[in-house]
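Take a look at the structure below.
The values are calculated or read from the model by the stated rules, or taken from the named source; none is laboratory data. All values reported here derive from a predicted model rather than from experimental measurement. All Cβ positions, even for glycine, are placed from backbone atoms using ideal geometry, and neighbour counts span all protein chains on display.
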Amino acid sequence: MKLIVGSILLAASVSAVPTKPVMLGTSGLRANLKARQSKVIPVVVGGPQDTFNPNAITAAVGDIVQFQFSNGNHTATQSTLEAPCTPLEGGINSGHIPFQDGQTDVGTFSMVVSGTDPIFMFCSTGPHCQEGQVMIINPTGPQQLLDFVKGAQGTDKSGEGTAIAGGTTSKIQLTNAAFVPAPPEAAGGGGPPGAPPAAPPAAPPAAENATETAPPAAEKPTETAPPAAERPTESAPAAAENTTTAAPAENTTAPEGKGKGKKRDTNRSPVFLPF
């Protein structure tokens, strides 16, 4: 009986002793969660020029590359370094995703990076690949990108991907995009915004004012020249008339003298004799 009572008292005393809570280590758990968080890397496709911007990125496994399609009609299609403008069989392909002036949303294609090897991408629209619209995910170095661009520019034509593969298409609001759409004239298409195009026509009126002002300056010298030429012509006849009028005065004086048949001395002044 005493043994049973003693055991009960011992158990009660042990349970009454306060114990410190055990804290589980959370620093390692947080680090693992942070490492698993995927990063979204935007890449703008198209715009004022047919390019990928940027055309080389570094992405970790699990990161998401989000292709955002700007002005024009473009694709994000996987190829190889040896055949830059030919779709890789079974590779990544977004299909054609257009963007027109006035859109309020942007077409996207998102792919998850599953490795660290280089991924070669190109646009299969028309001659875009031959113009250098290519990019590399996880390139080995700058020279690899240069070789890829040079190889693309040396091809004759581009191949088309068969179907969307390796990612998902979606849309985001234009306000959330990583780009501002190019103006209609820069993108090569007309659109509703009319304010920017209205500015250039202001130049022609300046040229018209200059043209209107020039003729009056040229007309003034032409009008002044003729009066100067007419004045000498008018004064010359006046002098001739005066000399013609003076000659008859000598003839009227000759008949008044007597002594007809006498020769007059023209070298002497006339002498009038008394009657």
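Per-residue answers, yes or no, for (1) surrounded by fewer than 23 Cβ atoms within 10 Å (Cβ to Cβ); (2) part of a strand (DSSP E or B); (3) of a type in the set (S, T, N, Q):
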{"site": "PHE67", "(1), (2), (3)": "no, yes, no"}
{"site": "ASN73", "(1), (2), (3)": "yes, yes, yes"}
{"site": "LEU81", "(1), (2), (3)": "yes, no, no"}
{"site": "CYS85", "(1), (2), (3)": "no, no, no"}
{"site": "LEU88", "(1), (2), (3)": "yes, no, no"}
{"site": "ASP101", "(1), (2), (3)": "yes, no, no"}
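Listed residues GLY102, GLY47, GLY90; which is in contact with a Gly (Cβ under 7 Å, 6 or more places away or on another chain) and among the small types (Gly, Ala, Ser)?
GLY102
Restricting to the stretch 151-163, name every residue that is closer than 15 Å to THR125 by Cβ and either surrounded by 16 or more Cβ atoms within 10 Å (Cβ to Cβ) or under 28 Å from the mean Cα position of the chain (by Cα) (or both).
ALA152, THR155, LYS157, SER158, GLY159, GLY161
Sort out which residues of the stretch 136-154 are free of Cβ contacts under 8 Å to residues at least 40 places away in the same chain and not in a helix (DSSP H, G or I), and write them in order of number.
Answer for the stretch 136-154, where residues must be free of Cβ contacts under 8 Å to residues at least 40 places away in the same chain and not in a helix (DSSP H, G or I): THR140, GLY141, GLY154.
Step by step: first the residues of the stretch 105-124, then only those that are touching a residue at least 60 places away in the same chain (Cβ under 8 Å) and closer than 15 Å to SER79 by Cα, then the one that is surrounded by the fewest Cβ atoms within 10 Å (Cβ to Cβ). Which residue is that?
Out of the qualifying residues, it is MET121.
Evaluate the following for GLY141: is it out of contact with any helix residue (DSSP H, G or I) (no Cβ under 7 Å at 6 or more places or on another chain) and at pLDDT below 95?
It is false that GLY141 is out of contact with any helix residue (DSSP H, G or I) (no Cβ under 7 Å at 6 or more places or on another chain) and at pLDDT below 95.
In the stretch 69-122, how many residues are under 22 Å from VAL149 (Cα atoms) and among the small types (Gly, Ala, Ser)?
8
Could you list all residues from the stretch 90-99 that are under 29 Å from VAL180 (Cβ atoms) and not in a strand (DSSP E or B)?
Within the stretch 90-99, ILE92, SER94, GLY95, HIS96 meet the criteria.
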